[in-house]
Amino acid sequence: MALDLIIRNGQVVTARDVSTASVAIEGGRIVEVAPEIYGAAREELDAAGLHVFPGLIDPHVHFNEPGRTEWEGIATGSAALAAGGGTCFFDMPLNSSPPVLDGESFDAKLDAARQKSFADFGLWGGLTPDSLGRMEELADRGVIGFKAFMCDSGVDEFAWADDYTLYRGMVIAQSRDLVVAVHAENQALTQGLANEVSHGRPESWFPFVYSRPIIAEIEAIQRAILLAEETGCRLHIVHVSCGLGVDLVLDARRRGLPVTCETCPHYLTFTISDLEALGALGKCAPPLRWARDRLALWSHLAAGSIDFVASDHSPCPPQLKAGEFAHAWGGIAGVQSTRAALLTPRSEEIAPLPLPSIAALTAANVAALLKVPGKGDIRAGNDADLCLIDLNLGFELREQDLLDRHKLSPYVGQMFRGVVRRTLVRGMTVFQDGKIVGNPAARLVRPA
(Lines give C-alpha, C1' and ligand atoms only; values in the text may rest on other atoms or scores of the structure.)
Protein backbone atom coordinates (compact mmCIF):
# COMPACT_ATOMS: atom_id res chain seq x y z
CA MET A 1 0.00 0.00 0.00
CA ALA A 2 1.37 3.41 -0.97
CA LEU A 3 2.13 5.95 1.73
CA ASP A 4 0.65 9.44 1.57
CA LEU A 5 3.99 11.26 1.37
CA ILE A 6 7.71 10.62 1.52
CA ILE A 7 10.11 13.54 2.03
CA ARG A 8 13.47 12.30 0.80
CA ASN A 9 17.09 13.33 1.27
CA GLY A 10 16.60 16.20 3.72
CA GLN A 11 18.81 17.22 6.59
CA VAL A 12 16.44 16.23 9.41
CA VAL A 13 16.85 18.41 12.50
CA THR A 14 15.71 17.21 15.92
CA ALA A 15 16.58 18.28 19.44
CA ARG A 16 19.06 15.39 19.42
CA ASP A 17 20.99 15.77 16.16
CA VAL A 18 21.03 16.58 12.45
CA SER A 19 21.13 13.70 9.97
CA THR A 20 20.47 12.98 6.32
CA ALA A 21 17.19 11.08 6.31
CA SER A 22 13.83 10.59 4.69
CA VAL A 23 10.46 10.94 6.42
CA ALA A 24 7.45 8.75 5.61
CA ILE A 25 3.95 10.05 6.36
CA GLU A 26 0.61 8.27 6.44
CA GLY A 27 -2.69 9.50 7.82
CA GLY A 28 -1.18 12.73 9.08
CA ARG A 29 1.46 10.98 11.18
CA ILE A 30 5.11 10.13 10.74
CA VAL A 31 5.48 6.39 10.27
CA GLU A 32 9.21 6.15 9.62
CA VAL A 33 12.37 8.25 9.72
CA ALA A 34 15.34 6.51 8.12
CA PRO A 35 18.37 7.10 5.87
CA GLU A 36 16.47 5.35 3.08
CA ILE A 37 12.78 4.54 2.84
CA TYR A 38 11.76 1.93 0.31
CA GLY A 39 8.40 1.70 -1.37
CA ALA A 40 6.08 4.17 -3.00
CA ALA A 41 4.00 7.15 -1.94
CA ARG A 42 1.19 9.13 -3.52
CA GLU A 43 3.47 12.15 -3.32
CA GLU A 44 7.22 12.45 -2.97
CA LEU A 45 9.28 15.54 -2.15
CA ASP A 46 13.00 15.79 -2.80
CA ALA A 47 14.39 17.82 0.11
CA ALA A 48 18.01 17.65 -0.98
CA GLY A 49 19.72 20.86 0.08
CA LEU A 50 16.97 21.65 2.61
CA HIS A 51 16.73 21.23 6.37
CA VAL A 52 13.60 19.56 7.73
CA PHE A 53 12.73 21.07 11.11
CA PRO A 54 9.93 20.15 13.48
CA GLY A 55 7.06 22.57 12.97
CA LEU A 56 7.49 25.55 15.29
CA ILE A 57 5.14 25.60 18.28
CA ASP A 58 4.45 29.13 19.51
CA PRO A 59 3.14 28.93 23.09
CA HIS A 60 2.43 32.65 23.47
CA VAL A 61 0.36 34.55 20.92
CA HIS A 62 -2.49 37.06 21.09
CA PHE A 63 -4.67 36.55 18.02
CA ASN A 64 -7.45 38.57 19.68
CA GLU A 65 -10.45 36.67 18.34
CA PRO A 66 -13.34 36.91 19.01
CA GLY A 67 -14.05 40.54 19.80
CA ARG A 68 -10.89 42.29 18.58
CA THR A 69 -10.43 40.65 15.21
CA GLU A 70 -9.57 44.05 13.73
CA TRP A 71 -6.38 43.83 15.82
CA GLU A 72 -5.34 40.52 14.21
CA GLY A 73 -7.63 37.48 13.95
CA ILE A 74 -6.97 33.76 13.92
CA ALA A 75 -6.89 33.47 10.12
CA THR A 76 -4.22 36.12 9.58
CA GLY A 77 -2.28 35.27 12.74
CA SER A 78 -2.05 31.57 11.96
CA ALA A 79 -1.16 32.31 8.32
CA ALA A 80 1.80 34.39 9.50
CA LEU A 81 2.76 31.60 11.91
CA ALA A 82 2.77 29.10 9.03
CA ALA A 83 4.86 31.46 6.90
CA GLY A 84 7.49 31.36 9.64
CA GLY A 85 7.43 27.57 9.73
CA GLY A 86 4.93 27.28 12.59
CA THR A 87 2.40 24.46 12.86
CA CYS A 88 0.82 24.96 16.30
CA PHE A 89 0.09 27.90 18.60
CA PHE A 90 -1.29 28.47 22.08
CA ASP A 91 -3.51 31.55 22.19
CA MET A 92 -3.56 33.70 25.31
CA PRO A 93 -6.90 34.46 27.02
CA LEU A 94 -6.54 38.16 26.22
CA ASN A 95 -6.84 40.39 24.16
CA SER A 96 -9.93 38.67 22.81
CA SER A 97 -13.18 40.15 24.05
CA PRO A 98 -14.45 38.60 26.16
CA PRO A 99 -11.22 37.06 27.43
CA VAL A 100 -11.20 33.33 28.14
CA LEU A 101 -12.31 33.39 31.79
CA ASP A 102 -15.08 30.79 31.70
CA GLY A 103 -16.46 27.91 29.67
CA GLU A 104 -18.62 30.07 27.42
CA SER A 105 -15.75 32.29 26.32
CA PHE A 106 -13.56 29.21 25.77
CA ASP A 107 -16.23 27.72 23.50
CA ALA A 108 -16.47 30.92 21.46
CA LYS A 109 -12.72 31.02 20.83
CA LEU A 110 -12.62 27.30 20.10
CA ASP A 111 -15.34 27.68 17.46
CA ALA A 112 -13.50 30.56 15.77
CA ALA A 113 -10.17 28.72 15.75
CA ARG A 114 -11.64 25.53 14.31
CA GLN A 115 -13.15 27.48 11.44
CA LYS A 116 -10.25 29.78 10.61
CA SER A 117 -6.88 28.46 11.76
CA PHE A 118 -4.20 27.23 9.37
CA ALA A 119 -2.41 25.50 12.27
CA ASP A 120 -3.31 23.31 15.22
CA PHE A 121 -3.87 25.23 18.43
CA GLY A 122 -4.32 25.17 22.17
CA LEU A 123 -5.98 27.74 24.41
CA TRP A 124 -4.84 29.30 27.67
CA GLY A 125 -7.39 30.17 30.33
CA GLY A 126 -7.26 33.32 32.43
CA LEU A 127 -6.37 33.51 36.12
CA THR A 128 -7.91 36.72 37.45
CA PRO A 129 -9.95 37.68 40.53
CA ASP A 130 -13.04 37.14 38.35
CA SER A 131 -12.14 33.65 37.12
CA LEU A 132 -11.17 31.77 40.30
CA GLY A 133 -14.58 30.13 40.45
CA ARG A 134 -14.49 29.16 36.76
CA MET A 135 -11.04 27.60 36.51
CA GLU A 136 -12.37 24.07 36.94
CA GLU A 137 -14.70 24.39 33.95
CA LEU A 138 -11.82 25.75 31.87
CA ALA A 139 -9.68 22.78 32.92
CA ASP A 140 -12.50 20.42 31.95
CA ARG A 141 -12.62 21.96 28.47
CA GLY A 142 -8.90 21.43 27.91
CA VAL A 143 -6.98 24.66 28.52
CA ILE A 144 -3.23 24.23 28.25
CA GLY A 145 -2.79 26.17 31.50
CA PHE A 146 -3.68 29.47 33.14
CA LYS A 147 -2.26 32.94 32.47
CA ALA A 148 -2.03 35.64 35.16
CA PHE A 149 -0.77 39.21 35.13
CA MET A 150 1.03 40.40 38.26
CA CYS A 151 0.54 43.98 37.04
CA ASP A 152 -2.02 45.88 34.97
CA SER A 153 -2.65 43.92 31.77
CA GLY A 154 -3.61 46.97 29.72
CA VAL A 155 -7.05 45.44 29.10
CA ASP A 156 -9.82 46.46 31.50
CA GLU A 157 -11.69 43.15 31.32
CA PHE A 158 -8.60 41.11 32.34
CA ALA A 159 -7.78 42.20 35.90
CA TRP A 160 -4.32 41.73 37.37
CA ALA A 161 -3.86 39.03 40.00
CA ASP A 162 -2.92 40.15 43.51
CA ASP A 163 -1.04 37.71 45.74
CA TYR A 164 -4.22 36.16 47.15
CA THR A 165 -5.67 35.58 43.67
CA LEU A 166 -2.41 34.09 42.42
CA TYR A 167 -2.09 31.83 45.47
CA ARG A 168 -5.67 30.51 45.22
CA GLY A 169 -5.35 30.08 41.48
CA MET A 170 -2.14 28.12 41.88
CA VAL A 171 -3.85 25.78 44.34
CA ILE A 172 -6.59 25.07 41.80
CA ALA A 173 -4.13 24.65 38.92
CA GLN A 174 -1.97 22.28 40.98
CA SER A 175 -4.99 20.10 41.72
CA ARG A 176 -5.44 19.64 37.95
CA ASP A 177 -1.70 19.40 37.17
CA LEU A 178 -1.88 22.48 34.96
CA VAL A 179 0.78 25.14 34.64
CA VAL A 180 0.33 28.76 35.70
CA ALA A 181 2.08 31.25 33.41
CA VAL A 182 2.72 34.71 34.82
CA HIS A 183 3.53 38.09 33.40
CA ALA A 184 5.95 39.07 36.14
CA GLU A 185 6.17 42.79 36.89
CA ASN A 186 5.49 44.44 40.26
CA GLN A 187 2.26 46.44 40.05
CA ALA A 188 2.98 48.90 42.87
CA LEU A 189 6.46 49.69 41.58
CA THR A 190 5.53 50.07 37.91
CA GLN A 191 2.48 52.19 38.75
CA GLY A 192 4.36 54.41 41.17
CA LEU A 193 7.20 55.03 38.74
CA ALA A 194 4.74 55.68 35.92
CA ASN A 195 3.05 58.31 38.09
CA GLU A 196 6.41 59.99 38.65
CA VAL A 197 6.97 60.52 34.93
CA SER A 198 3.35 61.01 33.85
CA HIS A 199 4.03 64.68 33.08
CA GLY A 200 7.24 63.97 31.19
CA ARG A 201 7.76 63.89 27.44
CA PRO A 202 4.99 61.63 26.07
CA GLU A 203 6.68 61.38 22.68
CA SER A 204 9.83 59.85 24.23
CA TRP A 205 10.43 56.20 25.00
CA PHE A 206 12.37 57.07 28.16
CA PRO A 207 9.48 57.53 30.66
CA PHE A 208 8.00 54.15 29.74
CA VAL A 209 11.31 52.31 30.09
CA TYR A 210 12.03 54.17 33.35
CA SER A 211 8.69 53.04 34.80
CA ARG A 212 9.42 49.33 34.20
CA PRO A 213 12.94 48.64 35.53
CA ILE A 214 14.50 45.22 35.81
CA ILE A 215 13.91 45.16 39.57
CA ALA A 216 10.13 45.25 38.95
CA GLU A 217 10.50 42.08 36.89
CA ILE A 218 12.95 40.38 39.25
CA GLU A 219 10.87 40.99 42.38
CA ALA A 220 7.72 39.62 40.73
CA ILE A 221 9.52 36.50 39.45
CA GLN A 222 10.85 35.81 42.94
CA ARG A 223 7.41 36.30 44.52
CA ALA A 224 5.77 34.00 41.96
CA ILE A 225 8.39 31.32 42.66
CA LEU A 226 7.73 31.55 46.41
CA LEU A 227 3.99 31.14 45.86
CA ALA A 228 4.57 28.20 43.54
CA GLU A 229 6.89 26.59 46.08
CA GLU A 230 4.21 26.88 48.75
CA THR A 231 1.40 25.50 46.55
CA GLY A 232 3.37 22.91 44.58
CA CYS A 233 2.13 24.43 41.33
CA ARG A 234 4.00 24.19 38.04
CA LEU A 235 5.07 27.74 37.22
CA HIS A 236 6.10 29.28 33.91
CA ILE A 237 7.56 32.79 33.61
CA VAL A 238 6.66 34.36 30.28
CA HIS A 239 8.82 36.77 28.24
CA VAL A 240 11.83 37.02 30.57
CA SER A 241 13.78 40.06 29.37
CA CYS A 242 17.04 39.77 31.33
CA GLY A 243 19.59 37.22 32.48
CA LEU A 244 18.88 37.94 36.15
CA GLY A 245 15.34 36.65 35.69
CA VAL A 246 16.66 33.38 34.24
CA ASP A 247 19.07 33.11 37.18
CA LEU A 248 16.12 33.10 39.60
CA VAL A 249 14.45 30.32 37.60
CA LEU A 250 17.65 28.27 37.66
CA ASP A 251 17.95 28.74 41.41
CA ALA A 252 14.38 27.48 41.84
CA ARG A 253 15.14 24.40 39.74
CA ARG A 254 18.17 23.63 41.88
CA ARG A 255 15.75 23.50 44.81
CA GLY A 256 13.69 20.95 42.89
CA LEU A 257 10.85 23.28 41.90
CA PRO A 258 8.99 22.81 38.59
CA VAL A 259 9.67 26.31 37.25
CA THR A 260 10.25 27.09 33.57
CA CYS A 261 10.72 30.25 31.52
CA GLU A 262 10.65 31.65 28.03
CA THR A 263 12.15 34.64 26.31
CA CYS A 264 11.14 36.34 23.07
CA PRO A 265 12.92 37.03 19.79
CA HIS A 266 12.58 40.80 20.25
CA TYR A 267 14.68 40.65 23.44
CA LEU A 268 17.24 38.61 21.48
CA THR A 269 17.30 41.03 18.54
CA PHE A 270 16.73 44.59 19.77
CA THR A 271 17.92 46.72 22.67
CA ILE A 272 16.99 50.05 24.22
CA SER A 273 19.36 51.64 21.71
CA ASP A 274 16.97 50.63 18.91
CA LEU A 275 13.97 52.43 20.37
CA GLU A 276 14.86 55.79 18.88
CA ALA A 277 14.55 54.30 15.38
CA LEU A 278 11.75 51.83 16.08
CA GLY A 279 9.53 54.14 18.09
CA ALA A 280 6.29 52.49 19.24
CA LEU A 281 6.96 49.42 17.05
CA GLY A 282 9.46 48.46 19.77
CA LYS A 283 7.20 49.16 22.74
CA CYS A 284 6.48 46.09 24.87
CA ALA A 285 6.29 45.04 28.50
CA PRO A 286 8.72 44.27 29.99
CA PRO A 287 10.54 46.77 27.81
CA LEU A 288 13.59 46.16 25.67
CA ARG A 289 16.75 46.05 27.76
CA TRP A 290 20.43 46.92 27.27
CA ALA A 291 22.90 45.07 25.06
CA ARG A 292 24.40 43.34 28.12
CA ASP A 293 20.98 41.87 28.93
CA ARG A 294 20.57 40.64 25.38
CA LEU A 295 23.98 38.97 25.56
CA ALA A 296 23.05 37.32 28.87
CA LEU A 297 19.89 35.87 27.34
CA TRP A 298 21.82 34.39 24.41
CA SER A 299 24.32 32.92 26.88
CA HIS A 300 21.46 31.29 28.77
CA LEU A 301 20.06 29.91 25.51
CA ALA A 302 23.43 28.39 24.66
CA ALA A 303 23.62 26.82 28.12
CA GLY A 304 20.11 25.36 27.85
CA SER A 305 18.85 27.45 30.77
CA ILE A 306 15.85 28.93 28.91
CA ASP A 307 13.13 26.41 28.08
CA PHE A 308 11.70 27.93 24.91
CA VAL A 309 11.38 31.03 22.77
CA ALA A 310 7.90 32.44 22.13
CA SER A 311 6.88 35.37 19.95
CA ASP A 312 4.42 37.05 22.36
CA HIS A 313 2.79 38.28 19.15
CA SER A 314 0.62 41.16 20.35
CA PRO A 315 -0.51 43.25 17.38
CA CYS A 316 -2.89 46.18 17.13
CA PRO A 317 -4.37 48.51 14.49
CA PRO A 318 -2.00 51.15 13.06
CA GLN A 319 -3.68 54.01 14.91
CA LEU A 320 -2.75 52.41 18.25
CA LYS A 321 0.93 52.52 17.31
CA ALA A 322 0.77 56.07 15.97
CA GLY A 323 1.31 59.28 17.86
CA GLU A 324 3.04 59.62 21.21
CA PHE A 325 5.05 56.70 22.59
CA ALA A 326 3.43 57.02 26.02
CA HIS A 327 -0.04 56.32 24.63
CA ALA A 328 0.83 53.66 22.05
CA TRP A 329 -0.16 50.03 22.50
CA GLY A 330 2.59 48.01 24.14
CA GLY A 331 3.00 44.88 22.08
CA ILE A 332 5.25 43.57 19.31
CA ALA A 333 4.03 41.77 16.19
CA GLY A 334 6.56 39.06 15.40
CA VAL A 335 4.89 35.66 15.01
CA GLN A 336 6.44 35.16 11.56
CA SER A 337 10.03 35.84 12.65
CA THR A 338 10.79 33.66 15.68
CA ARG A 339 12.92 30.95 14.09
CA ALA A 340 14.53 33.43 11.69
CA ALA A 341 15.68 35.53 14.66
CA LEU A 342 17.16 32.47 16.37
CA LEU A 343 19.02 31.52 13.20
CA THR A 344 20.44 35.04 12.85
CA PRO A 345 22.14 36.60 15.89
CA ARG A 346 22.38 40.36 15.43
CA SER A 347 25.65 40.91 17.30
CA GLU A 348 29.10 39.57 16.46
CA GLU A 349 29.50 38.84 20.18
CA ILE A 350 26.85 36.13 19.91
CA ALA A 351 27.72 32.70 18.51
CA PRO A 352 25.03 31.01 16.39
CA LEU A 353 23.04 28.35 18.21
CA PRO A 354 23.38 24.71 17.10
CA LEU A 355 20.43 23.64 14.99
CA PRO A 356 19.31 20.97 17.52
CA SER A 357 19.10 23.70 20.16
CA ILE A 358 16.80 25.71 17.91
CA ALA A 359 14.62 22.63 17.38
CA ALA A 360 14.41 22.20 21.15
CA LEU A 361 13.64 25.87 21.87
CA THR A 362 10.91 26.14 19.24
CA ALA A 363 9.27 22.71 19.35
CA ALA A 364 10.50 19.81 21.48
CA ASN A 365 10.73 21.66 24.80
CA VAL A 366 7.35 23.33 24.32
CA ALA A 367 5.62 20.02 23.69
CA ALA A 368 7.37 18.30 26.59
CA LEU A 369 6.93 20.99 29.23
CA LEU A 370 3.31 21.75 28.36
CA LYS A 371 2.60 18.01 28.10
CA VAL A 372 1.38 18.06 24.52
CA PRO A 373 1.33 14.55 23.04
CA GLY A 374 2.38 13.83 19.46
CA LYS A 375 3.98 17.21 18.80
CA GLY A 376 7.43 18.78 18.76
CA ASP A 377 9.67 16.01 17.39
CA ILE A 378 10.33 14.27 14.09
CA ARG A 379 9.85 10.63 15.04
CA ALA A 380 7.54 7.77 14.22
CA GLY A 381 4.11 8.11 15.82
CA ASN A 382 4.13 11.90 16.03
CA ASP A 383 2.06 14.27 13.95
CA ALA A 384 3.76 15.15 10.68
CA ASP A 385 4.28 18.81 11.60
CA LEU A 386 7.28 19.85 9.54
CA CYS A 387 9.03 22.85 8.06
CA LEU A 388 11.43 22.72 5.10
CA ILE A 389 14.01 25.53 5.19
CA ASP A 390 16.79 26.50 2.81
CA LEU A 391 19.58 27.59 5.13
CA ASN A 392 21.82 28.42 2.20
CA LEU A 393 19.73 31.49 1.43
CA GLY A 394 19.30 34.74 3.27
CA PHE A 395 16.60 37.35 2.86
CA GLU A 396 15.57 40.82 3.88
CA LEU A 397 12.14 40.83 5.51
CA ARG A 398 9.86 43.14 3.55
CA GLU A 399 6.49 44.45 4.62
CA GLN A 400 4.82 42.67 1.69
CA ASP A 401 6.24 39.34 2.91
CA LEU A 402 4.26 39.51 6.16
CA LEU A 403 0.95 37.69 6.40
CA ASP A 404 -0.37 39.12 9.67
CA ARG A 405 -3.19 41.65 9.45
CA HIS A 406 -1.41 44.99 9.78
CA LYS A 407 2.23 44.14 8.93
CA LEU A 408 3.53 46.40 11.71
CA SER A 409 6.71 44.51 12.54
CA PRO A 410 9.97 45.86 13.95
CA TYR A 411 11.72 43.09 11.99
CA VAL A 412 10.97 44.69 8.61
CA GLY A 413 14.30 45.54 6.99
CA GLN A 414 16.23 42.94 9.00
CA MET A 415 18.44 40.45 7.18
CA PHE A 416 17.77 36.83 8.13
CA ARG A 417 19.24 33.43 7.37
CA GLY A 418 17.00 30.64 6.11
CA VAL A 419 14.06 30.78 3.69
CA VAL A 420 10.96 28.75 4.59
CA ARG A 421 10.05 26.70 1.52
CA ARG A 422 7.18 24.63 2.87
CA THR A 423 5.21 24.16 6.08
CA LEU A 424 3.19 20.99 6.70
CA VAL A 425 0.57 20.48 9.42
CA ARG A 426 -0.14 16.79 9.97
CA GLY A 427 1.32 16.04 6.55
CA MET A 428 -0.75 18.65 4.70
CA THR A 429 1.06 21.55 3.05
CA VAL A 430 -0.34 24.85 4.31
CA PHE A 431 2.41 27.24 3.19
CA GLN A 432 4.66 26.97 0.15
CA ASP A 433 7.07 29.46 -1.42
CA GLY A 434 5.54 32.61 0.03
CA LYS A 435 1.85 31.67 -0.09
CA ILE A 436 -0.81 29.94 1.98
CA VAL A 437 -1.92 26.96 -0.10
CA GLY A 438 -4.17 24.85 2.14
CA ASN A 439 -6.14 24.47 5.35
CA PRO A 440 -5.60 21.36 7.51
CA ALA A 441 -8.93 21.45 9.41
CA ALA A 442 -7.22 22.67 12.56
CA ARG A 443 -7.45 20.68 15.78
CA LEU A 444 -7.53 21.62 19.44
CA VAL A 445 -4.44 20.45 21.31
CA ARG A 446 -5.04 19.45 24.94
CA PRO A 447 -2.46 18.61 27.61
CA ALA A 448 -2.00 14.92 28.32
| Name the pairs: first residue in the stretch 188-215 and hydroxyl-bearing (Ser, Thr, Tyr), second residue outside any loop (DSSP other than H, G, I, E, B), Cβ to Cβ under 7 Å, at least 6 apart or on different chains? | 190/216; 204/325; 210/193; 211/190; 211/193; 211/194
| said: Yes or no: the stretch 230-241 includes at least one residue that is within 30 Å of residue 276 (Cα to Cα), open to solvent by 30 Å² or more (accessible area, probe 1.4 Å) and either over 26 Å from the mean Cα position of the chain (by Cα) or modelled with pLDDT of 95 or more (or both). | reply: no
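Matching residues to (1) among the charged types (D, E, K, R); (2) over 25 Å from residue 329 (Cβ atoms):
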{"residue": "387", "(1), (2)": "no, yes"}
{"residue": "392", "(1), (2)": "no, yes"}
{"residue": "397", "(1), (2)": "no, no"}
{"residue": "404", "(1), (2)": "yes, no"}
{"residue": "411", "(1), (2)": "no, no"}
{"residue": "414", "(1), (2)": "no, no"}
{"residue": "417", "(1), (2)": "yes, yes"}
{"residue": "421", "(1), (2)": "yes, yes"}
{"residue": "427", "(1), (2)": "no, yes"}
| message | Between a residue in the stretch 231-242 that is outside any helix (DSSP H, G or I) and any residue that is open to solvent by 10 Å² or more (accessible area, probe 1.4 Å) and polar (S, T, N, Q), which pairs come within a Cβ distance under 6 Å, given they are 6 or more apart or on different chains? | response | 232/174; 233/174; 236/260
| said: Suppose the filter is among the acidic types (Asp, Glu), at pLDDT 95 or above and on the phi > 0 side of the Ramachandran plot; does residue 163 pass it? | reply: no
| Which of (1) part of a helix (DSSP H, G or I); (2) surrounded by fewer than 21 Cβ atoms within 10 Å (Cβ to Cβ); (3) touching a residue at least 60 places away in the same chain (Cβ under 8 Å); (4) of a type in the set (A, V, I, L, M, F, W, C) is the odd one out, the single condition residue 113 does not satisfy? | (2)
| Selection from the stretch 295-324 of residues that are in a loop (DSSP other than H, G, I, E, B), in contact with a Pro (Cβ under 9 Å, 6 or more places away or on another chain) and aliphatic (A, V, I, L, M) | 310
| Selection within the stretch 21-48 - in a strand (DSSP E or B), buried (at least 21 other Cβ atoms within 10 Å of the Cβ) and small (Gly, Ala, Ser) | 21, 22, 24
| Which listed residue is in contact (Cβ under 8 Å) with a residue 40 or more places away in the chain and closer than 11 Å to residue 117 by Cβ, from 83, 79 | 79
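The values are calculated or read from the model by the stated rules, or taken from the named source; none is laboratory data. Computed from a prediction, not measured in an experiment: that's the story for all the values here. Glycine gets a Cβ as well: all are built from the backbone with ideal geometry, and neighbour counts include every protein chain shown. When the accessible area is computed, the model is the full protein with side chains, heavy atoms only, and any ligands, DNA or RNA have been set aside. Shrake-Rupley method; radii C 1.70, N 1.55, O 1.52, S 1.80 Å.
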